[in-house]
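Enquirer: Before I ask anything, here is the structure I am working with.
The values are calculated or read from the model by the stated rules, or taken from the named source; none is laboratory data. Predicted model only: the values in this text are computed from it and were never measured. Counting neighbours? That spans all protein chains shown, and the Cβs are built from the backbone with ideal geometry, glycine included. These area figures cover heavy atoms from the full protein model, side chains too; ligands, DNA and RNA do not enter into them. Shrake-Rupley method; radii C 1.70, N 1.55, O 1.52, S 1.80 Å.
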Amino acid sequence: MADDKPTGNMLWGGRFTGGLDPLMVQYNESIYFDKVLYKQDILGSIAFARANAKSGIISQHEFTKLEEGLLLVKQEWEAGVFKIVPGVDEDIHTANERRLGEMIGKDIAGKLHTGRSRNEQIATDMRMWLRDELRTIQQHLRDFLGVIAARAEKEIDVVMPGYTHLQRAQPIRWSHWMLSYGFAFASDLDRLGEVIRRVNRSALGCGALAGNPFGIDREMMSEELGFEGLLWNSMGGVADRDFVAETLQWGSMLMQHISRWAEDLIIYSTAEFGFVRLADAYSTGSSLMPQKKNPDSLELLRGKSGRAFGHVAGFMMTQKGLPSTYNKDLQESVEPMLDHVKTVSDSIQIANGVLATLAIQPAKMEASLDPFMLATDLADYLVRKGVPFRETHHISGRCVALSEQTGTPMNELTYEQLKGVDARFDKDISDVFNYEKSVEMRSAKGGTSKSSVLEQIKVLRAMISA
Ligand code: ARG
């Protein structure tokens, strides 16, 4: 229950007489996670003080002192010597201001917050931090896409089974499989650019909700802090966490792509498939079964996608139904953002490492190709002779049945046997039973032929550098 701890210590303590419940102190404080925003908070404060000096509400001398002090506080954080005062430093904003007062004296430090609210401050800090992190993620994503393009080019001759319903369907190039995900990740990259543009807007000067009473130059602060523009309504500016929600949605989509990609590779790495072998650096053994080599990296990628989506679901629920402008519920946007960014950033780098180091087993891929996967090509053969596809589909189906009944692989059925199914088969029908030819036949844009795949690599590379 409430103890006699004075709340007069708190920066907002003026009107409070009673003490805070000790659990409430902990429940309320965000310093232990929002301290990662120390740099953004300090740079934002310097920009704010500079703008206040420009408008004349503080003097140039006071600004100089504030800036000097704030840079000293920043140095303490950087050197790892900043001492958080438990129960007093509620969040990063109050902690920095408390320390500033100790360093330059309360008379001047007390002027830093002139016309400012923590509501605009937290929004500003989060947006700056997130913008920088997302730019780093953008680079990780470009690197990953670069590896996909390079491997697709190098291993273009490798042919493997392509699946629908996880059943053997048609032959494809291994590169084609890699590029299928490559384009999904390239869309993620494209979307990320859009997200960053909306994240990178300045809330500074919005005040608690109603704006700034001292004619502060918002554009000047925005430029100093590297924002691309302002949030144009002060109430909206302090209320808005859409930039967090959008990031979480973006990251969840990306993680969903990574998860499906990982699932394919987990299947391909089983002994039953044996198409790929993971590098030791991305696998682990079993504590019990000496023979095991487990694809933990891929399983974690798949598993963490659930966690990423959990952030979105949780935070959307937090935001739903909030009355306008700032409510403390919004503090709940910080932790999901931090965890999401780390999860997504690490995941892209792990996926990149897995792909860059895994070994493929082309012989295994080839051995899994099955003549039945050419049944469509058999039908297409007759289509080229003018037979309607619906009819050729049937004829090819009868060849499949004959092959099954006689226990003869379809490519070993004799010319006479095939002729018996349909008189329009000619001697050159044997050419159809060639996997390489099958992938080469699909030369329309986006298909499996070498020229189509090379074109895809070119398009992908253009998307990476766009
Ligand atoms: N720690 C708070 C947050 O993360 C900062 C804003 C506090 N504003 C307030 N009016 N209590 O949202």
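Enquirer: Return the total of residues in the range 47-72 being under 37 Å from the mean Cα position of the chain (by Cα) and either within 16 Å of the ligand (Cβ to nearest atom) or hydroxyl-bearing (S, T, Y) (or both).
Expert: Number of matching residues: 1.
Enquirer: Another question about this same structure. Only one of these is without any contact (Cβ under 8 Å) to a residue 60 or more places away in the chain, on the phi > 0 side of the Ramachandran plot and not hydroxyl-bearing (S, T, Y): G310, G306, G321. Name it.
Expert: Testing whether each residue is without any contact (Cβ under 8 Å) to a residue 60 or more places away in the chain, on the phi > 0 side of the Ramachandran plot and not hydroxyl-bearing (S, T, Y) leaves just G321.
Enquirer: Looking only at the range 282-299, which residues are out of contact with any helix residue (DSSP H, G or I) (no Cβ under 6 Å at 6 or more places or on another chain), of a type outside the set (S, T, N, Q) and not in a loop (DSSP other than H, G, I, E, B)?
Expert: Step one: of the range 282-299, the residues out of contact with any helix residue (DSSP H, G or I) (no Cβ under 6 Å at 6 or more places or on another chain) are 283, 285-294, 296, 299.
So of that shortlist, the ones also of a type outside the set (S, T, N, Q) come out as 285, 288-290, 292-293, 296, 299.
Residues satisfying the conditions are D296, E299.
Enquirer: Answer with yes or no whether Q75 is part of a helix (DSSP H, G or I), within 16 Å of the ligand (Cβ to nearest atom) and not hydroxyl-bearing (S, T, Y).
Expert: Criteria not met by Q75.
Enquirer: Something else about it: Spot the failing condition for D240; the list is (1) open to solvent by less than 10 Å² (accessible area, probe 1.4 Å); (2) within 16 Å of the ligand (Cβ to nearest atom); (3) of a type outside the set (V, I, T), and only one is missed.
Expert: (1)
Enquirer: Another one. Which of the residues belonging to the range 374-418 are free of Cβ contacts under 8 Å to residues at least 12 places away in the same chain and outside any helix (DSSP H, G or I)?
Expert: If the condition is that a residue be free of Cβ contacts under 8 Å to residues at least 12 places away in the same chain and outside any helix (DSSP H, G or I), then R384, G386, P388, G407, T408, T414 are the ones that fit.
Enquirer: Which of the residues spanning the range 319-358 are more than 21 Å from the chain's Cα centre (by Cα) and assigned to a helix (DSSP H, G or I)?
Expert: Matches in the range 319-358: Q319, K328, D329, L330, Q331, T357.
Enquirer: Turning to a different aspect of this structure: Could you give every pair whose Cβ atoms fall below 8 Å, whose first residue belongs to the range 191-216 and is farther than 26 Å from M255 by Cα and open to solvent by 70 Å² or more (accessible area, probe 1.4 Å), and whose second residue is modelled with pLDDT under 95 and away from the ligand (no atom under 16 Å from the Cβ), counting only separations of at least 6 or pairs across chains?
Expert: none
Enquirer: Among (1) more than 16 Å from the ligand (Cβ to nearest atom); (2) outside any loop (DSSP other than H, G, I, E, B); (3) free of Cβ contacts under 8 Å to residues at least 12 places away in the same chain, there is one condition M316 misses while meeting the rest; what is its number?
Expert: (3)
Enquirer: When you scan the range 199-273 for helices (runs of 4 or more DSSP H) that lie fully inside it, which ones turn up with 2 or more residues that are touching a Ser or Thr at 6+ places or on another chain (Cβ under 6 Å) and more than 30 Å from R168 (Cβ to Cβ)?
Expert: 234-239
Enquirer: Looking at the range 149-169, is at least one residue among the aliphatic types (A, V, I, L, M), surrounded by 15 or more Cβ atoms within 10 Å (Cβ to Cβ) and within 16 Å of the ligand (Cβ to nearest atom)?
Expert: No: the range 149-169 contains no residue that is among the aliphatic types (A, V, I, L, M), surrounded by 15 or more Cβ atoms within 10 Å (Cβ to Cβ) and within 16 Å of the ligand (Cβ to nearest atom).
Enquirer: While we're here: Would you point out which residue out of L72, L43 is within 20 Å of V238 (Cα to Cα), out of contact with any strand residue (DSSP E or B) (no Cβ under 8 Å at 6 or more places or on another chain) and open to solvent by 40 Å² or more (accessible area, probe 1.4 Å)?
Expert: L43
Enquirer: Which condition does E416 not pass, out of (1) at pLDDT 95 or above; (2) open to solvent by 70 Å² or more (accessible area, probe 1.4 Å), if it passes all the others?
Expert: Exception for E416: condition (1).
Enquirer: Follow-up. Output the residues belonging to the range 117-148 that are within 11 Å of the ligand (Cβ to nearest atom), of a type in the set (D, E, K, R) and open to solvent by less than 30 Å² (accessible area, probe 1.4 Å).
Expert: Once the filter is applied, which keeps residues that are within 11 Å of the ligand (Cβ to nearest atom), of a type in the set (D, E, K, R) and open to solvent by less than 30 Å² (accessible area, probe 1.4 Å), the range 117-148 yields E120, D125.
Enquirer: Then there is this: Can you find a residue that is of a type outside the set (V, I, T) and under 43 Å from the mean Cα position of the chain (by Cα) anywhere in the range 417-428?
Expert: Taking every residue of the range 417-428 in turn, none turns out to be of a type outside the set (V, I, T) and under 43 Å from the mean Cα position of the chain (by Cα).
Enquirer: I'd like the full set of residues that are assigned to a loop (DSSP other than H, G, I, E, B) and more than 16 Å from the ligand (Cβ to nearest atom), limited to the range 87-109.
Expert: Matches in the range 87-109: G105 only.
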